[in-house]
Amino acid sequence: MKSEILGLLEKINIFLVSKSNESDIAYSTVPLVKEIISSIFKNYIDETEYLKANNTFSNGGMADFYATPLIIGQLQKRNIIDTNYSPPDRYTDEEPEEKLFNKNDDFLFNRAMVLLKERSPGFLNEISVMMNYFGKRDSDLSKRHLLCLTKELKSEFNKHGILATVTHSIETPNILAFGNSFGILSLTLTLIKVQQILELKNYFNPEIEIVIKWIFKFYKEADFGSDTYSVFPQTVDSITQKPFFNNQLFWSQGDTLIAIILYHASDVLDDGNLSRVADLVGLNTLLRKDFNSTQITNSSILNGTSGLAESYKYLYKLSSNTDYLDGYHHWIKETVKMLNNELLTADSKSNHISIYQGIYGTILSLVSFMEHNNSLISIDPLLF
């Protein structure tokens, strides 16, 4: 696989230098993608067994677990893999993958209902991730599960309020995160997407408006001269309401994520002022291109160059502002450099298996860039 990845990086470098059309460069990424899919599906099987045996996900396993059916579904629609896909040399006598996905969806839904009833620490994060997943699954069963969870969550908010529910759910005492992994922003984006998917106009608008007003309380002007780049915090103390700022600019957290939320909120709340603020917040981040202003040290989706590249591509999709497209291309170039260095200087086999934390997600992002006119994989559903 390493040689195939290096081949992909070489072709991307040629494209970036020559500014050729993708059609001028003969390079098929299908074998590489199939190899990745085979690996992540095996991991999905293992995570299924772990989840049902332990009633919890393995450390770092939840995100990849939810991403796998979405990736396989995309490839099946494009006839890249069979509808009854099973990885080579393993589980060949097992049930077709779609039947397995549906069984797991039922299991997840029942798990969600228990989590909502018990309101244990961390329950809201898993409910949010699950609803986001159900909304993107091309399945009538998943849509039924999504509608039921949506009504249950709305009832939770009606009883306790969204901010109190989020505060109750946090796993780290008193620390309320803004991020996309365990934060209020990921929940807000889920609420926005869910009411669009289910065509429940304005259903969560009161909660979305509360969150937007709340996050504006913590806005602070950047001061590049003193190395203070972020205008919104990473976390807030839920008791004292004291914010904590850092310069991290990742897919999983940072000002680009705030801008994405504001563009969406502008649309659902019909508030043009939010779009203008999103422009200010998002475009300001384009000036941040070094370690000090981004804290980026790897090529991953979670907290590396490829995740930030995808954030800018999505910001362009939301705003049509070509400055974001320039940001996307800049961070794709940085991803190529970073991944090439990672492959040449270290044994990254241990990182292969992860979509979000390892190089699998990075490769899929680069494949999407290389073949964007006929992309095998759309990264957006895995991230936003």
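Annotations
- Checked against (1) in a strand (DSSP E or B); (2) free of Cβ contacts under 8 Å to residues at least 60 places away in the same chain; (3) not polar (S, T, N, Q), residue 236 passes all but condition (2).
- Some residue of the range 209-232 being farther than 18 Å from residue 280 by Cα, of a type in the set (A, V, I, L, M) and modelled with pLDDT of 95 or more: yes
- Qualifying residue in the range 283-299 (condition: buried (at least 23 other Cβ atoms within 10 Å of the Cβ) and more than 28 Å from residue 341 (Cα to Cα)): no
- Taken over the range 240-262, the residue count meeting the criterion of being touching a Ser or Thr at 6+ places or on another chain (Cβ under 9 Å), assigned to a loop (DSSP other than H, G, I, E, B) and surrounded by fewer than 22 Cβ atoms within 10 Å (Cβ to Cβ) is 4.
- Scan the range 263-297 for residues that are in a loop (DSSP other than H, G, I, E, B) and of a type in the set (A, V, I, L, M) and the total you get is 4.
- Of all residues making up the range 51-90, the number that are over 19 Å from residue 107 (Cα atoms), among the hydroxyl-bearing types (Ser, Thr, Tyr) and either part of a helix (DSSP H, G or I) or modelled with pLDDT of 85 or more (or both): 0
- Within the range 318-347, restricting attention to residues that are out of contact with any Leu (no Cβ under 8 Å at 6 or more places or on another chain) and outside any helix (DSSP H, G or I), the residue that is modelled with the lowest pLDDT is 347.
The values are calculated or read from the model by the stated rules, or taken from the named source; none is laboratory data. No experiment lies behind these values; they were computed from the predicted model shown. Counting neighbours? That spans all protein chains shown, and the Cβs are built from the backbone with ideal geometry, glycine included.
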